[in-house]
Amino acid sequence: MHKVCWGFSETQLLENIDFQIEKGERVCLLGRNGVGKSTMLKLISGKINPDTGDIRRQQGDRIAILEQDFPANFDGTIFDVVAKGLGETGMALAEHNKICKKSDFQTNSGLIKRRDALQHLLDVKRGWDILKQIENALSRTMLDPDAIFSTLSAGLKRRVLFARALALAPDLFLLDEPTNHLDIDSIIWLEEFILRHVKTLFFITHDRAFLKKIATRIVELDQGRLISYSCNYNTYLKQKQAAGKAAENQIRVFDKKLSQEETWIRQGIKARRTRNEGRVRALKKMRKIYNARRTKIGNIKLQVQEAQKSGKLIIQAENISFSHGRIPIIRNFSSIIMRGAKIGLIGPNGVGKTTLLQILLKDIAPTTGKIRHGTHFQVIYFDQLRAQLDEEKTVVENIAQGNDFVIINNQKRHVISYLQDFLFTPARARTPVHILSGGEKNRLLLARLFIKPANVLVMDEPTNDLDAETLELLEEYLFEFKGTLLLVSHDRAFLNNVVTSTMVFEGNGQITEYVGGYDDWLMQKPKPEKKIPVEKNKPKKDTTGQISLHKNQKLGYLAKRELSDLPQKIELLEEEQKELYALISSTDFYKKGKEKIQEVKTRLDKLEHKIKTAYLRWEELEGLEK
């Protein structure tokens, strides 16, 4: 991109943007909601064109984009959705696949004729090569090609769209908020997949743990300009803070100089003498710079109205169980939540986290068990579906309900002034809710909820769509909040920074409580045994010098010694594997020579093969020892 501009008004969203990405880089684009990050991705992909400037793409390179929102009218199987993303040939493959699966295919002459026509088209257009790409993408992303797309969860739908983009075999992958609506297991899978299989990546995310693991470079879009940081996230934060202080100093010096020159120009005729014409021209230039300066919108201001102090006991749950039909959601769960506790709920999508919140709040009754609330229980509930917002009303109407003022901590405030604390300009405050971005809707819901006094906060996925700055401010507020917090989130950094304990859904209705945040849970949870199933009905070849064993043969001395040494051997191999993954994720890895890069990747491939072989051998020896 060279001198790219784009926007609808005099103050352009993107102004003289210069940007390039090299092969092997994984670049993260940061910035506040609404600054133009998604627009920049669409410009790079070619979906929209710049107003001015030039965008050059390497000839023959393929670019795939995964956008935030699900495209409308997606139907059919997962195979259909992925195939239709590959143009005319992909659509022909989808139709061919559908025809071949019809029960009356062999007896229907019309279908046979259409099948033959499609086969001819696929022969000409290299369709069978594209079919291999689709099957490879579905296999890598572990998706069932025959599953119906419309019945999938939001997280699985995003995985399907990821596979659709992957099937293009892109040279450059563009991802817009890829972790939105994904649970923690899916996010970790995505991280590992990208590190293994995606070479060049440009992505937007507000998930700081994902950013830290994936990005090799960070660029920030702010006030229409792009700033590049060739470093990791922690170093970026330090450099950004230093740059912000330097910019403030420059502005202060500039404004002081401008004020002095404005005073000088008003002193009279002396300013118009010939010898001062250069100074007058310089003043006019300074005025233009001042008028063109973009002022950054202030930070969001979070303040919950203080409610009457609650009793020490907040919620007591005794032997709670809840089922959907025969499926247990919660089984024999008991807990005592005391004043000041900050509890995070962790578990896959659809496991029952929201159901548990509703039971604890007495919004729904448990199948068995009892819930008791303490005294002076005053709660506000952040709903991830934003059902409390009226999409057809304006922002102001959703807050003030026809009034011009709101009462905050016994003080009267105009609703427009209150909304400015949540970064809504007067013009934006009068727009209908349905045209707001996801981040703006979440900020509006926070503004609506914080009007009410509360000593208990219940927040179900509050972090979706919020930019990093707002997330950090929300974290700071929740950390200082004197009341009680129940939080559902898949943002690992947010959980680590906010909660003091976790309730983890561990399957089959079992919920276990742990002290600390997400990382603390990882350290405390039981470690599952690693086992890789042995392929059946295939003869095993002894190419490693290991002792060959028959089905009924007992272990000898050497085989027993080999079995006892295998766990340590696997541990050493996996430690080396982790070190290599960390190396290829570092900011300067792809600046090394081609020989060094290839050497590391070759070693990584060999390690993966050795680890798999070692696990297979371990299972074989353990089976014979029994």
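The values are calculated or read from the model by the stated rules, or taken from the named source; none is laboratory data. Everything quoted here is computed from the prediction, not taken from an experiment. The protein model used for the area step is the full one, side chains on, heavy atoms only, and it has no ligands, DNA or RNA in it. Shrake-Rupley method; radii C 1.70, N 1.55, O 1.52, S 1.80 Å.
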**Prompt:** log₁₀ I(q)/I(0) of the range 11-89 at q = 0.27 Å⁻¹, via Debye over equal Cα point scatterers, no solvent, to two decimals?
**Reply:** -1.52
**Fill in**
Taking Val124, Val351, Val160 and ranking on accessible area (1.4 Å, protein atoms only), highest first, one gets Val124, Val351, Val160
**Solvent exposure ordering (accessible area, 1.4 Å, most first) of Thr39, Thr107** = Thr107, Thr39
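Express the accessible area of the range 1-48 per residue in Å², computed with a 1.4 Å probe while the remaining protein chains stay in the model. Spell out each step's value before the answer.
Details: 2230 Å² over 48 residues.
That works out to 47 Å² for each residue.
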**Column: log10 I(q)/I(0), Debye, Cα scatterers of the range 432-536, q = 0.11, 0.13, 0.22 Å⁻¹** = -0.46, -0.61, -1.26
**Asked** Which percent of the Cα-Cα distances in the range 35-164 go past 25 Å?
**Response** 38 percent
**Request:** Kindly report the accessible area of the range 101-204 per residue (heavy atoms of protein chains, probe 1.4 Å, no ligands, DNA or RNA), in Å².
**Result:** 48 Å²
**Asked** Just the projected area, averaged over all directions, of the convex hull on the alpha carbon atoms of the range 335-492: how many nm²?
**Response** 10.4 nm²
**Asked** Quick one: with all protein chains in place, what share of the accessible area of the range 478-524 is carbon or sulfur, to the nearest percent (1.4 Å probe)?
**Response** 53 percent
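May I ask you to give the percent of accessible area on the range 8-147 that is carbon plus sulfur, with a probe radius of 1.4 Å?
Working: 3750 of 8110 Å².
Carbon and sulfur atoms account for 46 percent of the accessible area of the range 8-147.
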**Request:** Note down the accessible area of Ser564, probe 1.4 Å, to the nearest 10 Å².
**Result:** 80 Å²
**Message:** Please list, in order along the range 446-451, the HN-Hα scalar couplings obtained from phi with the Karplus expression 6.51 cos²θ - 1.76 cosθ + 1.60 (θ = phi - 60°), rounded to whole Hz, x for Gly and Pro.
**Reply:** 4, 4, 5, 6, 6, 5
**Message:** For a quick check of understanding: with a 1.4 angstrom probe and all protein chains in place, what accessible area in square angstrom does Phe481 have, to the nearest ten?
**Reply:** 20 Å²
**Request:** Might you work out the accessible area of Asp129 for me, using a 1.4 Å probe with all protein chains in place, and round it to the nearest 10 Å²?
**Result:** 70 Å²
**Prompt:** Leaving out same-chain residues fewer than 8 places away, which aspartates and glutamates sit with a Cα under 17 Å from that of Lys42?
**Reply:** Glu15, Asp18, Asp51, Asp54, Asp61, Glu67, Asp69, Asp171, Asp176, Glu177, Glu220
**Solvent exposure ordering (accessible area, 1.4 Å, most first) of Thr602, Thr431** = Thr602, Thr431
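Cα-based Rg of the range 318-399 per 2.2 N^0.38 Å, rounded to two decimals? Mind dumping the intermediate values first?
On the way: Rg = 15.5 Å, N = 82, 2.2 N^0.38 = 11.7 Å.
Against the empirical 2.2 N^0.38 Å value, I get 1.32 for the range 318-399.
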